[in-house]
Amino acid sequence: MKTAGIVLAGGLSRRFGSPKAFAEWGGRPFFELSLEALSPFCEECIVVTRPELVGRFSESLLVTTDMEPFAGQGPIAGILSGMERLPAERYLVLPCDMPFMTADVIERLLECHGSGVTAVVLDGKYHPLVSVWDAAVLPDLREALENGKRRVMDVQEKHGVRWIEGELLTEEDASRIFMNANTPDVLEGS
């Protein structure tokens, strides 16, 4: 079964103040850390970003933007665009703003996946973008966008999403692993 990785790196990063994809932790850009977590389980990975950021990524990477007419419509457009550009039977999806994510966690999430969609919940907070998607979901992603529905969790629920408790995916501090770096100060002291 071909598995592809999709790194979502197209957010506006308003609260962060600069594109989060290129923020660094441990001297490495966030997008690179996300690719490192996904790569061991994927035949190929793709980064989905905004048009003005494409040139900042290495030419050796597979990089795309949201497909027209869904440009700028949030993570759901990024997931669809990655799936359309990189055909596979299933997809591992990860946002670029989780710099502490590890390949071990992704491996365990993949092991928990049965069919449809599998995603993470931690202490009652849903992380729908840390997820595994079967390719069969693609038509529903497209339909949602065509109908102006941009909520990722709505499509996931339509496919009976299986929510996996984040604590079960790691022996490390799960709140740190699943932390979204929405502002630069969250990295201080980490």
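Annotations for the structure displayed:
- Any hit, the stretch 59-70, residues being within 14 Å of the chain's Cα centre (by Cα), of a type in the set (Gly, Ala, Ser) and either more than 22 Å from Met153 (Cβ to Cβ) or open to solvent by less than 50 Å² (accessible area, probe 1.4 Å) (or both): no
- Among the residues of the stretch 46-99, those identified as modelled with pLDDT under 95, farther than 20 Å from Pro128 by Cα and charged (D, E, K, R) are Arg50, Glu52, Arg56, Glu59, Glu68.
- Among the residues of the stretch 122-145, those identified as among the hydrophobic types (A, V, I, L, M, F, W, C), open to solvent by less than 20 Å² (accessible area, probe 1.4 Å) and assigned to a strand (DSSP E or B) are Leu122, Val130, Val132, Trp133.
- Given (1) assigned to a loop (DSSP other than H, G, I, E, B); (2) under 19 Å from Lys20 (Cβ atoms); (3) touching a strand residue (DSSP E or B) at 6+ places or on another chain (Cβ under 6 Å), index of the condition Ala88 fails: (2)
- Gly27 being open to solvent by 20 Å² or more (accessible area, probe 1.4 Å) and at positive phi: yes
- The condition of being buried (at least 17 other Cβ atoms within 10 Å of the Cβ) and in contact (Cβ under 8 Å) with a residue 12 or more places away in the chain holds for only one of Gly78, Gly114, that being Gly78.
- Residue in the stretch 152-168 that is open to solvent by less than 60 Å² (accessible area, probe 1.4 Å), out of contact with any helix residue (DSSP H, G or I) (no Cβ under 6 Å at 6 or more places or on another chain) and part of a helix (DSSP H, G or I) present: yes
- The number of residues in the stretch 169-179 being of a type outside the set (Ser, Thr, Tyr) and open to solvent by less than 60 Å² (accessible area, probe 1.4 Å) comes to 5.
- The stretch 31-46 residues that are crowded, with 21+ Cβ neighbours inside 10 Å, paired with ones that are among the basic types (Lys, Arg) and assigned to a helix (DSSP H, G or I) (beta carbon under 9 Å, 6 or more apart): Phe31/Lys20; Ile46/Arg85
- Evaluation of Val137 against (1) under 18 Å from Met1 (Cβ atoms); (2) out of contact with any Asp or Glu (no Cβ under 7 Å at 6 or more places or on another chain); (3) touching a residue at least 60 places away in the same chain (Cβ under 8 Å) (one fails), failing number: (3)
The values are calculated or read from the model by the stated rules, or taken from the named source; none is laboratory data. Since the model is a prediction, treat every value here as computed from it, not as a measurement. FYI the Cβ positions are ideal-geometry reconstructions off the backbone, even for glycines, and counts take in every protein chain you see. All accessible areas refer to the heavy atoms of the entire protein, side chains included, with ligands and DNA or RNA removed. Shrake-Rupley method; radii C 1.70, N 1.55, O 1.52, S 1.80 Å.
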